[in-house]
Structure formats: C-alpha cells, structure tokens
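All remarks here apply to the structure that follows.
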Amino acid sequence: MITFKNVAVRAMIASATALFYTNSAWALLPIQHWTEPNGARVWLVESPVIPMVDVQIDFDAGSRRDPAGKAGLASAVANMASKGVKAAGTEPAMDENALGEAWADLGASFEASADNDALHYSLRSLTDPPLLARAAQLAARQIGEPGWPADVWPRDRARWIASLKEANTRPATVAGQAFAAAVYGSHPYGTRTTEDTLMRIQVEDMQAFHTQLVASCRAKVSIVGAVSRAQAQTLVATLLSRLPASAGCAPLPPVGEIAALTAPVEQNIPFASAQAHVLIGQPGFARRDPDFLALLVGNHILGGGGFVSRLTSEVREKRGLSYSVYSYFAGGLHAGAFTVGLQTRPDQAAQAVKVSRDVISRYVAEGPTEAELRAAKDNLIGGFALRIDSNKKLLGNVANIAWNDLPLNYLDDWTKKVEALTVADVRAAMARKLQPERMVTVVVGGKP
C-alpha cells in the first residue's frame with residue numbers, strides 16, 4: 001500500500017543521495033523576483049538538484065510592533081501557530097497533537113518564529129506533487145486560520161514566565177538586559193518581555209495583532225528548491241490563500257529610529273558569580289547600510305574572527321584576561337547594537353574593560369593593517385561557499401536580500417566587493433559607525 005509517508009521516505013533517501021553529489025555553485029543561480037496580484041512579493045531560486053523546497057514568509061510583525069505594555073505579543077502569536085487550526089468548511093479543527101501527526105505523515109516541517117523585525121513562517125517539503133500540495137494547504141491553515149485555543153495560552157504563558165524567572169538568575173541575562181536598555185533607550189529593540197507584560201496579553205490581543213499585520217499584501221516570500229516559477233506561484237497562492245485580501249492594505253506606521261548615545265554609560269551590577277560578564281557597545285547600523293561589507297570585514301579583524309582577532313590577541317593571548325572575547329554588529333531594520341563581550345574574573349574586570357576599550361579606540365583611529373585586511377579577506381572569501389552550501393542556508397541569504405531590499409545580484413557580487421575593499425574603506429566605515437568615547441559598558445559580577 002502506497003502512503004504519503006512511504007513516498008516521503010523514498011524521496012528523502014533520493015534527496016540525501018543527490019545532495020552527496022551536489023556542488024556549492026548555488027550563488028550563480030539567478031534570483032527571480034516578482035509581485036503577485038494579491039500584493040505578495042516573491043523571490044525565487046530554482047535549485048533542481050534535490051526534490052525539495054524551502055519557503056520563508058516574512059511579515060513586518062516582529063516585536064517592534066508589540067503594543068506598549070505587551071512585550072512578547074509577536075512571539076506569542078508565532079508560538080500559537082502550532083497549537084491548532086480552526087474548522088473550515090469540511091475541514092475539521094486540529095489541535096497541536098493532530099498538527100504534529102499530520103506533519104510527520106507528510107515528512108515535512110512547518111515553523112513560526114518572531115524576532116525584533118519580523119514574524120516568520122517557514123515550510124520545508126519534498127516536491128512530490130501530492131505531498132507538496134497537502135503540505136502547502138496545511139501550512140496555509142496555520143498561517144491564516146490559527147485556532148487560538150484559549151486553554152493553551154495560559155499553560156504556555158506559565159511555562160514562559162517560569163523560563164524568564166530561571167533566566168533572570170543568570171548573570172548573562174542580567175548583563176544583556178541592562179545593556180539593551182542602555183543602548184536602545186525607549187526604542188522597541190530595547191523592550192523587555194516580563195511576567196507583567198505577558199500577563200497583560202490575552203488571546204484577543206493575538207487575534208487583533210494577527211489580523212492587523214498578517215495579510216497577503218504584506219508578505220515577502222523567499223523560495224529555494226526544485227520548483228519552476230509557475231509552480232512557485234501556485235505554491236505562494238496556496239500558502240497565502242487563508243489570509244485577508246489585499247484591498248485597502250495601507251502602509252504600516254513607521255517605527256522611530258534609535259537615538260545615538262550622547263555620553264558614555266557605565267553600569268557595575270553586583271552579582272554573586274564566579275565570572276564577571278562584560279558588555280561594551282552602542283547602536284550600530286541598519287542591515288541595508290551601504291557600509292555593511294566594509295563593517296563585516298572590519299569587525300572580523302577587530303573581534304569577529306575568533307582567535308585571530310585584535311581583541312583576542314590583546315585580551316586573551318597577551319594578558320590572559322579572558323578565554324574568549326568577541327565583537328559583532330547586529331543590524332536589522334534599525335541600528336542594531338555593536339557589541340563587545342567577554343567573561344573574566346571579577347577582580348580583573350576593570351583591567352579587561354580598559355584593555356578592550358583601548359583596542360577599540362586604537363582600531364577606530366588607525367584602521368587595520370594591510371596584512372590584517374588580507375587575512376580577513378582570505379578567510380571570509382574562502383568561507384563564502386559554506387554560507388550557501390545547502391538549500392536552507394541559501395534560503396536564509398535570499399530572505400536577507402528580500403527583507404532588506406538588497407540587489408538581486410548581491411550574492412554574485414559579494415566576493416568581488418569584499419576583495420575590492422581597501423584599508424581606507426574599512427577605517428572610514430568603522431570611524432563613521434563607532435564612537436568609542438560614547439559607549440555603554442555593563443559589568444555584572446565585578447565590584448560595584
């Protein structure tokens with residue numbers, strides 16, 4: 001007897017075999033882009049090597065859209081997508097157990113999540129036509145017709161609150177919360193989900209949030225897999241078929257930008273821990289900033305390159321102040337934080353902070369050496385293939401292009417643009433974005 005599960009298993013084996021022989025030349029595959037009649041914008045890479053498709057649907061419905069006093073609402077909406085779907089016509093309602101069994105039978109997966117900027121829905125399925133059709137229909141129900149079971153939210157909220165309470169016993173959590181509040185101020189990026197904000201969230205709030213923000217005309221859909229444009233259009237139409245029509249889909253109100261720091265901020269928070277947790281940083285830049293690649297390379301040299309970075313050399317290798325020290329930019333739709341982080345003995349925290357600040361200041365003033373730049377380019381360009389060596393990784397890159405309105409040839413030009421960067425380019429970009437004299441410094445566990 002042939003079942004959907006049997007088809008899925010056979011196709012999975014075939015997919016794994018095909019993947020073994022796949023090369024990583026996906027960056028050369030063109031990205032197709034169009035707008036559907038319902039207003040949804042679509043980005044497609046046809047990758048026919050394995051009979052599988054990955055889809056990501058993004059909506060401007062991340063935590064930056066949470067109403068005042070209800071931080072956590074976007075994440076709650078994402079969480080409830082897997083808890084059940086409504087009955088519709090001849091289709092019966094399904095609870096979370098029935099949904100889990102249905103996805104297992106299809107050999108497919110569906111997930112929902114939320115971050116600062118977006119609410120994400122992700123589907124992975126084999127492209128066998130009956131399997132894909134059923135997977136798309138089931139995903140459409142979870143996207144457009146969640147059940148919002150009233151008895152589930154209090155249970156999940158209680159678990160979430162317990163998790164928050166446990167996390168708040170850790171110095172890393174305390175440091176992260178203090179750092180975010182100081183860097184972002186009143187901007188939504190710095191808003192903290194607490195027991196109080198979760199207790200204010202009711203099922204009706206989730207329904208209203210979903211109705212207002214999750215509509216076909218607001219969707220950005222990224223697709224990578226063994227489907228043609230015509231098949232992709234059918235897939236998108238099915239996935240969004242349970243959402244409101246696009247008529248009257250007005251632009252969402254803008255969210256204000258993050259204010260630049262006007263003075264340094266220092267916080268020393270006592271905490272009974274063996275290690276002091278140190279965070280240093282400031283607002284950075286939006287992901288679509290034209291300086292992005294120069295800053296990526298520049299940060300690789302400063303603290304993003306692991307054991308070969310300047311911070312590692314000065315803080316770890318020369319002075320033994322920390323096993324690990326790192327830096328990164330977290331650009332989103334707004335200026336996500338630039339962060340330097342490390343752990344050290346509480347009695348060494350002041351020295352570690354001073355050394356780290358000195359390294360940042362000197363680097364911003366002088367920029368990298370030619371040797372550092374060459375090594376960073378070689379490392380990043382040499383590792384570029386690992387960024388796109390699976391359909392799922394490639395999907396992440398396509399979704400990044402879609403969400404941040406980057407050019408369609410972004411991946412094709414990536415290595416060429418990195419190679420073209422000069423010491424002056426990197427130094428100028430770092431100097432434009434970083435102000436070492438006006439950074440936030442948070443130490444949790446050191447002496448107050």
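The values are calculated or read from the model by the stated rules, or taken from the named source; none is laboratory data. The model shown is predicted, which means the values in this text are computed figures rather than measured ones. Every residue, glycine among them, receives a Cβ derived from its backbone with ideal geometry; neighbour counts consider all protein chains shown.
A few comments on the model shown:
- Subset of region 81-112 [at pLDDT below 95 and on the phi > 0 side of the Ramachandran plot]: Gly89
- Scan of region 351-365 for residues that are of a type in the set (Lys, Arg) and under 18 Å from Val423 (Cβ atoms), ordered by number: Arg362
- Lone qualifier among Phe338, Phe307, Phe285, Phe292 - being at pLDDT below 95 and either surrounded by fewer than 20 Cβ atoms within 10 Å (Cβ to Cβ) or under 25 Å from Gly185 (Cα atoms) (or both): Phe307
- Pairing each residue of region 370-391 that is over 30 Å from Ser122 (Cα atoms) with any residue that is part of a helix (DSSP H, G or I) and of a type in the set (Asp, Glu), provided the two are 6+ apart or on different chains, yields C-beta distances under 9 Å for Lys377/Glu419.
- Qualifying residue in region 244-252 (condition: of a type in the set (Gly, Ala, Ser), in a loop (DSSP other than H, G, I, E, B), out of contact with any strand residue (DSSP E or B) (no Cβ under 6 Å at 6 or more places or on another chain) and at positive phi): yes
- Total residues in region 352-371 satisfying the condition of being farther than 17 Å from Leu342 by Cβ, assigned to a helix (DSSP H, G or I) and among the hydroxyl-bearing types (Ser, Thr, Tyr): the figure is 0.
- Answer residue from region 79-102, given it is buried (at least 19 other Cβ atoms within 10 Å of the Cβ) and in a helix (DSSP H, G or I) and is farthest from the chain's Cα centre (by Cα) among those: Leu99
- Residue list for region 311-358, restricted to those being under 27 Å from the mean Cα position of the chain (by Cα), of a type in the set (Val, Ile, Thr) and closer than 22 Å to Val174 by Cα: Val325, Thr339, Val340
- Candidate set: region 129-139, residues that are surrounded by fewer than 20 Cβ atoms within 10 Å (Cβ to Cβ) and touching a residue at least 40 places away in the same chain (Cβ under 8 Å); chosen: the one farthest from the chain's Cα centre (by Cα): Pro130
- Members of region 181-233 that are among the hydrophobic types (A, V, I, L, M, F, W, C), more than 14 Å from Ala76 (Cβ to Cβ) and either touching a residue at least 60 places away in the same chain (Cβ under 8 Å) or assigned to a loop (DSSP other than H, G, I, E, B) (or both): Ala182, Val183, Ala215, Cys217, Ala219, Val221, Ile223, Val224, Ala226, Val227, Ala232
For every residue, the table says whether it meets (1) buried (at least 17 other Cβ atoms within 10 Å of the Cβ); (2) touching a helix residue (DSSP H, G or I) at 6+ places or on another chain (Cβ under 6 Å); (3) over 30 Å from Leu240 (Cβ atoms).
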| position | (1), (2), (3) |
| --- | --- |
| Gln142 | yes, no, no |
| Arg159 | no, no, yes |
| Thr173 | no, yes, yes |
| Ala181 | yes, yes, yes |
| His187 | yes, no, yes |
| Thr193 | yes, no, no |
| Asp196 | no, no, yes |
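- Arg157 being assigned to a helix (DSSP H, G or I), within 28 Å of Gly336 (Cβ to Cβ) and basic (Lys, Arg): yes
- Options Ile258, Ile223, Ile269; residue that is in contact with a strand residue (DSSP E or B) (Cβ under 8 Å, 6 or more places away or on another chain), farther than 26 Å from Val183 by Cβ and hydrophobic (A, V, I, L, M, F, W, C): Ile223
- Test: Tyr410 is surrounded by 13 or more Cβ atoms within 10 Å (Cβ to Cβ), in the same structural domain as Val297 (by TED's automatic domain parsing), in contact with a helix residue (DSSP H, G or I) (Cβ under 8 Å, 6 or more places away or on another chain) and farther than 26 Å from Trp34 by Cβ: no
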